[in-house]
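Enquirer: After the structure tokens below, expect a handful of questions from me.
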Amino acid sequence: MTTIRIDSVSRWFGNVVAVNDVTMAIGPGVTGLLGPNGAGKSTLINMMAGFLSPSTGAVTLDGVRIWRNEQVYKQIGLVPEREAMYDFLTGREFVLANAELHGLGADAARKALATVEMEYAQNRRISTYSKGMRQRVKMASALVHEPDVLLLDEPFNGMDPRQRMHLMDLLRQMGAAGRTVLFSSHILEEVEQLAAHIEVIVAGRHAASGDFRKIRRLMTDRPHHYAVRSSDDRALASALIADPSTAGLELDRRDGILHIQAVDFARFTELLPRVARDHGIRLYEVSPSDESLESVFSYLVAA
Amino acid sequence: MLYHPTVARLTQRAILGRRRALILLLLPVLLIVIAIVVRVLVGADDEVTADLLGGFALATMVPLIGVIAGTGAIGPEIDDSSIVYLLAKPVPRPTIILTKLTVAVGVTAAFSALPTLVAGFILGGNGSRLAVAYALAAAVASVAYAAFFLMLGTISRHAVVFGLVYALVWEALLGSLVDGVKTLSIQQWALAVGEKIGQGGHVVSDVALPVATVLLVVVTAGATWFAAQRLRSLTLAGEE
């Protein structure tokens, strides 16, 4: 059982705070680190991987400090986000070099390449690889010593659906086998499909933590904003405000738009078309006005 | 463990990658061509031999090759952050630096000391003694240059530029104008070692041998230690 603990960790670069007083524990199984781009996910992963020192706080692996301690890499496998590798090597040479640096040999390299299904291209230079192929060879290099902990920074970027499914299966297996797997992503669906446990990071802060149902609920329970155009905005507004699922209405008479704030998502989506039909009002346009991931996340932070 | 064969293999292939190898070959080939031309046109002449081996081989070729091999042994990897794959391993950082240094010294010596020796023999006359003296000086300089430029490679993305400024502006230009600068010049320290062997007044250093030896050791060891420290706390800021 291997656990990475992040204890009251902050990290700043000059005046910019990238990670702000985060405390979390990543244990066995698959954990998804979810957050919009620039939220501090990579900063967190770099600290867990020993490539960045926390400005304050401690990052430990089973109680052992990770920063400036190369022995932790016996237990950690890292799949960085950056593309750069030793492009002048073939895939096989690259994975073999990684195995040798762990004191292992050709067998371990062969096994890792088989795991990611890259044997067919292993004798080609990495410089000729597609993004998905690179991603898989990076994966093989991280798996070569069968680490207890696997850290992956945006591993699904640039993968086609089949490769994505294959990698998800692989990570699921590793999680089921009791390994600690942490991957970052800015796509909720990706995290939802794979991670039993989700940690949400927004603007450097730890916004939420739990299983995907809890996170999903947090995200759907927030107030939703809609912009509606109809044949009679005023009548629609007066009918809607009577229902507890709406919290606020604003009539924009100049542009002919009705702004609605709904607090009960499920009830409101059912209410709106019913009310319109009952009152003989035609809906021309119903559009959510704040569905961007950033606005969803920023709600979580405020909550 | 002071040497890791896998690190050595990766480093060697990185330094001797296609374009780099051509640049490394350029100056030695030029030196040998000039040596042949001089021998044919002038014949054996100690004065000319010393000028060519001291002025071109030791003063220009060795530091330039040192810059390419020394910074090339680690700079590009840090630049594109592929060094992550080396560092995310339970290999002591000093081992990585010492291995890279060994390769950089080997490459620098092979592409500078060896051609210096060959050129010296081609120039003939008393040249064989001069050849050995300058080749030895070049070999000694290779060690110090490689260590110094390797360290620069761990400090700055513009290590090549700083390396060239040191070699061309500090050593070559200021070193010929300002006496004090000569005391702080790898080239002069190496010449002090060569002077011991060369005799006959053609190999001359401005620094006494004991001082030169101490400075060579201090710079080589200090730069290597510092590079290992830099590697221990190498940070990746990520894309954010």
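Enquirer: Expressed as an acute angle from 0 to 90° and rounded to the nearest 10, what is the orientation of the C-alpha long axis of helix A:131-143 relative to the principal long axis of chain A?
Expert: With both axes taken from Cα atoms, the answer is about 60 degrees.
Enquirer: If you don't mind, another one. Alpha carbon centre of the stretch A:76-100 versus the stretch A:250-265: separation in Å?
Expert: If we compute the Cα centre of each part, the gap is 54 Å.
Enquirer: Still on this structure, please answer the following. When the convex hull of the Cα atoms of the stretch B:120-240 is projected onto a plane and the area is averaged over all directions, what value comes out in nm²?
Expert: 9.4
Enquirer: How long is the gain from A:His225 to A:Arg82 if the chain were fully straight, where each residue apart is worth 0.36 nm and the alpha carbon distance is subtracted?
Expert: Gain on stretching A:His225 to A:Arg82: 47.8 nm.
Enquirer: Moving to a separate point now. If you line up the long axis of helix A:91-101 against the longest principal axis of chain A, both from Cα atoms, how many degrees apart are they, to the nearest 10?
Expert: 70
Enquirer: Let me ask another. Run the simple label-point estimate for A:Ser289 and B:Val211 please: 7 Å along Cα→C-beta, distance reported in nm.
Expert: According to this spin-label approximation, the distance is 8.0 nm.
Enquirer: Among B:Ala137, B:Val84, B:Leu98, which residue has its Cα positioned farthest towards the positive end of the charge dipole of chain B, with +1 placed on the Cβ of Lys and Arg, -1 on the Cβ of Asp and Glu, and the dipole taken about the Cα centre?
Expert: B:Val84
Enquirer: Roughly how many whole Å is it from the C-alpha centroid of the stretch B:160-239 to that of the stretch B:30-77?
Expert: Value for the Cα centre distance between the two parts: 17 Å.
Enquirer: Also, quick follow-up: Anything in chain B that counts as a DSSP H helix reaching 20 Å or more along its axis (C-alpha) with Kyte-Doolittle mean of at least 0.0? List them, would you?
Expert: Helices meeting the span and hydropathy rule in chain B are B:18-41, B:93-123, B:127-155, B:209-232.
Enquirer: Size of the dipole of the protein assembly as shown about the Cα centre, Lys and Arg at +1 and Asp and Glu at -1 on the beta carbon, nothing else charged, in debye to 20?
Expert: Once rounded to the nearest 20, the dipole reads 920 debye.
Enquirer: State, as an integer percentage, the relative contact order of the stretch B:5-232 based on alpha-carbon contacts under 8 Å between residues 6 or more apart.
Expert: 26
Enquirer: Test of understanding: in a Gaussian network model of chain A with alpha carbons linked when under 10 Å, which of A:Ala18, A:Ala262, A:Ala247 would top the mean-square fluctuation ranking?
Expert: Greatest mean-square fluctuation among the candidates belongs to A:Ala247.
Enquirer: Per-residue HN-Hα couplings for the stretch A:268-283, Karplus 6.51 cos²θ - 1.76 cosθ + 1.60 at θ = phi - 60°, whole Hz, x for Gly and Pro?
Expert: 5, 5, 7, 5, 4, x, 5, 4, 4, 5, 4, 9, x, 9, 9, 8
Enquirer: Still on this model: Can you tell which of B:Ala147, B:Ala133, B:Ala88 shows the greatest fluctuation in a Gaussian network model of chain B with Cα springs below 10 Å?
Expert: Most flexible of the set in this elastic network: B:Ala88.
Enquirer: Right, something else. Given a 1.4 Å probe and heavy atoms of the protein chains only, how would you sort A:Glu270, A:Glu154, largest accessible area at the top?
Expert: Of A:Glu270, A:Glu154, the descending order of accessible area is A:Glu270, A:Glu154.
Enquirer: Students sometimes get this wrong: rank A:Thr2, B:Thr183 by accessible area, probe 1.4 Å, all chains present, largest first.
Expert: Result, largest first: B:Thr183, A:Thr2.
Enquirer: Which sequence of B:Ile197, A:Ile4 reflects their accessible areas, 1.4 Å probe, from the largest down?
Expert: Accessible-area ranking of B:Ile197, A:Ile4, largest first: B:Ile197, A:Ile4.
Enquirer: Moving on. With point charges of +1 on the Cβ of Lys and Arg and -1 on the Cβ of Asp and Glu, referenced to the Cα centre of the stretch A:4-219, which listed residue (A:Phe212, A:Ala196, A:Ser130) lies farthest in the positive direction of the dipole?
Expert: Working it through, the farthest residue towards the positive pole turns out to be A:Phe212.
Enquirer: Could you compute how much accessible surface B:Arg13 exposes when probed at 1.4 Å, giving the result in Å² to the nearest 10?
Expert: Answer for B:Arg13: close to 80 Å² accessible.
Enquirer: How much of A:Asp62 can a 1.4 Å solvent probe reach, expressed as accessible area in Å² and rounded to 10?
Expert: Estimated to the nearest 10 Å², A:Asp62 gives 80 Å².
Enquirer: Taking the alpha-carbon distance from A:Lys111 and a cut-off under 26 Å, which lysines remain once sequence neighbours fewer than 8 residues away in the same chain are dropped?
Expert: A:Lys74, A:Lys131, A:Lys138, B:Lys89
Enquirer: Additional query: About the Cα centre of the stretch B:5-232, what is the dipole size in debye to 20, counting +1 per Lys and Arg Cβ and -1 per Asp and Glu Cβ, all else neutral?
Expert: The dipole magnitude comes to about 1020 debye.
Enquirer: Picking from B:Ala138, B:Ala208, B:Ala167, which is most flexible by a Gaussian network model of chain B using Cα springs under 10 Å?
Expert: B:Ala208
Enquirer: Now for a separate question. Please determine, in degrees from 0 to 90 and to the nearest 10, the orientation of helix A:212-221 with respect to the longest principal axis defined by the Cα atoms of chain A, where the helix direction is its Cα long axis.
Expert: 30
Enquirer: Which one, B:Leu173, A:Leu283, A:Val149, is farthest towards the positive end of the dipole of the protein assembly as shown when Lys and Arg carry +1 and Asp and Glu -1 on their Cβ?
Expert: Of B:Leu173, A:Leu283, A:Val149, it is A:Val149.
Enquirer: Compute the relative contact order of the stretch A:88-239 as a whole-number percentage, counting only Cα pairs closer than 8 Å that sit 6 or more residues apart in sequence.
Expert: Reported relative contact order: 16 percent.
Enquirer: Let me ask something additional. Treating only the Cβ of Lys, Arg, Asp and Glu as charged (+1, +1, -1, -1), what charge dipole size does the stretch A:39-153 show about its Cα centre? Round to the nearest 20 debye.
Expert: The calculated dipole for the stretch A:39-153 is roughly 240 debye.
Enquirer: Could you tell me the relative contact order of chain A? Use alpha-carbon pairs under 8 Å, at least six residues apart, and round to a whole percent.
Expert: This gives 20 percent for chain A.
Enquirer: Taking a label point 7 Å from the Cα of A:Arg253 along the Cα→Cβ vector, which residues of the stretch A:218-235 have an amide N closer than 20 Å to it?
Expert: Backbone N within reach: A:228-235.
The values are calculated or read from the model by the stated rules, or taken from the named source; none is laboratory data. Quick caveat, the model's predicted, so the values are computed rather than measured. Using ideal geometry, Cβ is built from the backbone for each residue, glycine included, and neighbour counts are taken over all protein chains shown. What goes into the accessible areas is simple: the full protein's heavy atoms, side chains included, and nothing from ligands, DNA or RNA. Shrake-Rupley method; radii C 1.70, N 1.55, O 1.52, S 1.80 Å.
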